[in-house]
Structure formats: C-alpha cells, structure tokens
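Step one of this worksheet: look at the structure below.
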Amino acid sequence: MSELYTKTLTEMAGLLQSREVTVAEAVKDCLDRIEATEPTVKALITVMSDEALKQAEVMDQEGPDASKPLWGVPIVLKDLLVTKGTRTTCGSKILENFVPFYDGTAVVRLRKAGAVIIGKANMDEFAMGSSTENSAFFQTSNPWDADCVPGGSSGGSGATVAAGQCFAALGTDTGGSIRLPASFCGIVGLKPTYGRVSRFGLIAYGSSLDQIGPMTRSVEDSARILQVLAGHDPNDSTSVDVPVPDYLVGLGRNSLEGTTIGLPEEYWGKGLDNEVEAACKAAIAKAEALGAKTVPVKMALTDYAIATYYIIAMAEASSNLSRFDGVRFGHRNKDAEELIDMYTSSRTEGFGDEVQRRIIMGTYVLSSGYYDAYYNKAAKVRRLLREDFEKAFEQCDIIAGPVCPTTAFKAGDKADPLQMYLMDIFTISANLAGLPGMSLPVGLGGDSGMPVGLQFMGPAFSEAEMLSVADCLERNLEPMPMAKL
Ligand code: GLN
C-alpha cells in the first residue's frame, strides 16, 4: 500500500490493528517520506531509524494488541521531551550531547499505548520563539512554502506532521507553541488545561505555563493522543487528579445546536490581517449554520497580556535555566581556570542570544528592587485575566478567535524580538489562565494561500467539549488538503 503518509492517525491505527499494514511498513513509509522531504523541510534533529525498525520487527512478530490504541503508529516528539538513550537537545548547543537515562511520562504513556517513536523534532532553543528560527542547529521550513517559517516553538513538530513524515507529533505550549505552528502548518494542535498532562520529563521553560499536547492531521487524532497522555502523575505535583473523560464519545456530531460561542471583540478587531479574518469569519458562519449561537464577549485585558506573559515567562526561565551550568547539566568550557569563569563561559558558549536575553530580563524582574514593580504586578494582572475568562464563560461555552493575526511569515521577517513577541497576542492568555486552547485549520488565506487556524479556548478541563465542537466544524468545512511537497 503506497502513500500511507496521507492517512490520518485514526485510519493508520485501524490498518495496523487489522494487519492490513505491518508496523515495519508503516515505519518504512515514514522513513521514506522523511528522506524525500527532509532536505526541504528540515523538521527533525534526530531520526531514530534503527530503533524504530527494530521495534517494528518485534511488534510484527508479537501481533497487534487491541488494548493499545496507538499500536504500531509512528510518532515524533519535540526535542525537549526526554527520551531514554536518545539525545535530547532542547534545540540548544548547551544540551547538544545530552542523553537522558529515562523517558518522560508523556513518552512512557505513548510507548505503553504502542506508539513507535521515530524522531525528535526541531524547535526554538528552550521553546523560546514563534518561528523555530531560534534553534541552535538549523531553521525548519513551512511545508506549504519553504521560504516561510513553520511557526514556533514547536515548528519541527508542526512541519513533520504537515509533511506526512509521521501520524502525530507532541509539542509543548507555554504561550502558543502548539497552536501557532499548528495554525501556520494547517494542522490541528491542542494545548490541554494546565495540569491535565504530566510535565515530568519535559525540560522546563515557564513551569507555571508549560503544557504538552498533540499536533495531528485531524481532530479525532488529537482526541486519541490526549486520551493516552491525560491523567494524574505522582511524579508531577502540578498534574491534577481529575478523572479523565472519554474524549471520543462527543465526536461525530452533526449539529452545534445548544453551543454558545463567545467572540471576544479584542480578538476580531485591529491588527488582524484581512485574509485571516475572512477565513475565521467563514468558519464561524459555518458554526452558526450548524446551529451554534454566537455572542460578543469582552477580554478587556488582552492589551496587557504580552507584557504580563513575557515578565512571568522570563522570570521562570531565568530560574529554570540556572541548572545548565556545565556541572549538573550541559556543555562545559574545558579551558576555564576557575569556577565562576567556567560557569560564565560555559553558559555564554552554550546559550543562544534569545535565551541569554530572557535570562537577563528574567533575573532583572525578579531582583529585589524590581520584584514588586514587575513580577508581582504581572502576577496580579494574571489573576485578573483569569477573571476575564471566568466572566466570559458565564455567557458562552467556548471562545473562538484567530490563533495569530497573520499567516506564516517569511523567514527573517521578524528579526526584531519585540515584533516576534507580538505574534503571541491571541495565544498567551490561555496559558496565563491555565485554560485549554486549540487550533483548527479552517482554510487557506485568500492572499497568501497559506493555512489559517481558528482558535478555541474553553473553561478548565473542557477538552472533550472543545474537541466535539472542533470535530463537528472540521467535518462540515472543506477538507484541509495536505501541503504539496
Ligand atoms: N512565543 C512564545 C515565547 O517565545 C511562546 C513559546 C512557547 O509557547 N513555548 O515565549
């Protein structure tokens, strides 16, 4: 069977269970696709061909296992999820040779469900960025247009799924890093509620914001992955012990009757590109035609979200990244003659410009003279922002708006870091409030021909409802084509 790569994860899992396709065939098809498309896309830092082929051979001998929902399905991980025996770089020179001795919880759960991990995806260094241009190794291209960025920071994960190199990838989202690349690459991306998925074995950026989530070619695929990932983990004290619902039962609806969608004025106004607005509005009109009611809601603090997010994220990053000192973790300068010099030179050589900028800023906002003026104030605004959401959800079940004001931009176009930060305006609020958000591809921009993503945000632990609404819309919109490569 050729062109397996055009299948969804759901279809592929079915073909593997029924033995119409062997695990070896599925893995080889992905490896062939990687070979054919990587010279253009450059999505992967590490391809795990040998391990994957070996695992496939063993699995084919044992035969399918119906209790394992991802049995034999090739999957890629963002390269900040630690993998036992496989290099995990976090997109940074400082971890260029870091080989972890354990698998993170998300990885353990995928493997238990039968998934075959075939590669580690490129990313902005330490997940800091919106375009994957901050990777210390190379830039990833958007499969729809190689001159454009795939979004970030999970740009490798977005590009590998859009290019058909695997059937799903995991990304992480601190301020939009699953939803933005999903939007730019024309795929589905879901950031779960904070605490829904264990962060154990995820190299931390902003610990109070980070979440792991699926990036896939259909809503149902994301539901299947979330089902495997979700749930309490004693190894992560912020993972929540709330029962995991069945994410698949709400799928397959053909009506949105009874659903109220809130449209924040602040998300649909100034600064939004016409083609993004047109594609998102057409999707909302479709939701209305399917029976959904729409109401305007207010997210009055949106203007403060970027400043608030960057203070909190940088503060947490400066603290999290202190462990990379050349002693406990990371690259060590061997020529340094004394301790302080060794720390300084190792970190100077190991961290890229953006990471250094954020460590310096984060240290500044936490310093005793400025803590109240910056960090404390940001923490207060964060609380108010959450209240904005609570008020909005008194009027609606789910909020919808664009993921990003623009479609994928050209590499090099946002050389000014502040311009890059503005890309996150619509995504960071969900992280600050700890709420789930997802990106659904709703068509191609009329001017650029590049994918447009519609964002949904919901109350805490409303992933099942969100997936149900997105799935209904997905099945009633024009099917999203795959990128031509
Ligand atoms: N672009 C944002 C940042 O650079 C978000 C990144 C992320 O979600 N990891 O911080």
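Bear in mind that the values in this text are calculations on the coordinates, not laboratory data. Owing to the predicted nature of the structure, the values given are computational and were not obtained by experimental measurement. Virtual Cβ from ideal backbone geometry, glycine too; neighbours counted across all protein chains shown.
Across all directions, the shadow cast by the convex hull of the chain built on its C-alpha atoms averages 21.7 square nanometres. Loop-located chymotrypsin sites (Phe, Trp or Tyr not before Pro) in segment 404-485 (DSSP state other than H, G, I, E, B) with a sparse environment of at most 12 neighbouring Cβ atoms within 10 Å are absent. Computed on segment 61-210, with alpha-carbon pairs under 8 angstrom and 6+ residues apart, the relative contact order is 24 percent. Segment 10-100 gives an Rg/Rh value of 1.01, both radii derived from C-alpha positions and Rh following Kirkwood.
Under unit Cβ charges (Lys, Arg +1; Asp, Glu -1), what dipole magnitude, rounded to 20 debye, does the chain have relative to its Cα centre? In total the dipole reaches around 560 debye.
Exposed loop sites here mean trypsin sites (Lys or Arg not before Pro) with a DSSP loop assignment and at most 11 other beta-carbon atoms within 10 Å; the chain contains its longest site-free run at 1-269. Cα convex hull, segment 209-274: 193 Å³ per residue, rounded to a whole number.
Computed per residue of the chain from DSSP H runs no shorter than four, each worth -39500 (n - 2.57), the mean residue ellipticity at 222 nm is -11500 deg cm²/dmol. In this entry, segment 122-198 is assigned a mean projected area of 4.8 nm², taken as a quarter of its C-alpha convex hull surface. Here is the list for segment 79-120: chymotrypsin sites (Phe, Trp or Tyr not before Pro) lying in DSSP coil, each with at most 15 other C-beta atoms within 10 angstrom of its C-beta, are PHE101, TYR102. Please grab the % of Cα pairs in segment 274-350 that end up more than 16 Å from each other. Percent of Cα pairs beyond 16 Å in segment 274-350: 71. Based on every Cα atom in segment 398-485, Rg and the maximum pairwise Cα distance Dmax equal 14.5, 39 Å. Each semi-axis of the equivalent ellipsoid for segment 171-225 is √(5λ) with λ an eigenvalue of the Cα gyration tensor; in descending order they amount to 19, 13, 8 Å.
In segment 172-255, Cα pairs under 8 Å separated by at least six residues give a relative contact order of 29 percent. The distance linking segment 122-161 with segment 339-389 is 24 Å (Cα centroid to Cα centroid, whole angstrom).
Note on segment 1-45: Cα-Cα pairs beyond 15 Å make up 43% of the total pair count. For segment 131-171, averaging the sequence separation of C-alpha pairs within contact (under 8 Å, six or more residues apart) and dividing by the residue count gives a relative contact order of 32 percent.
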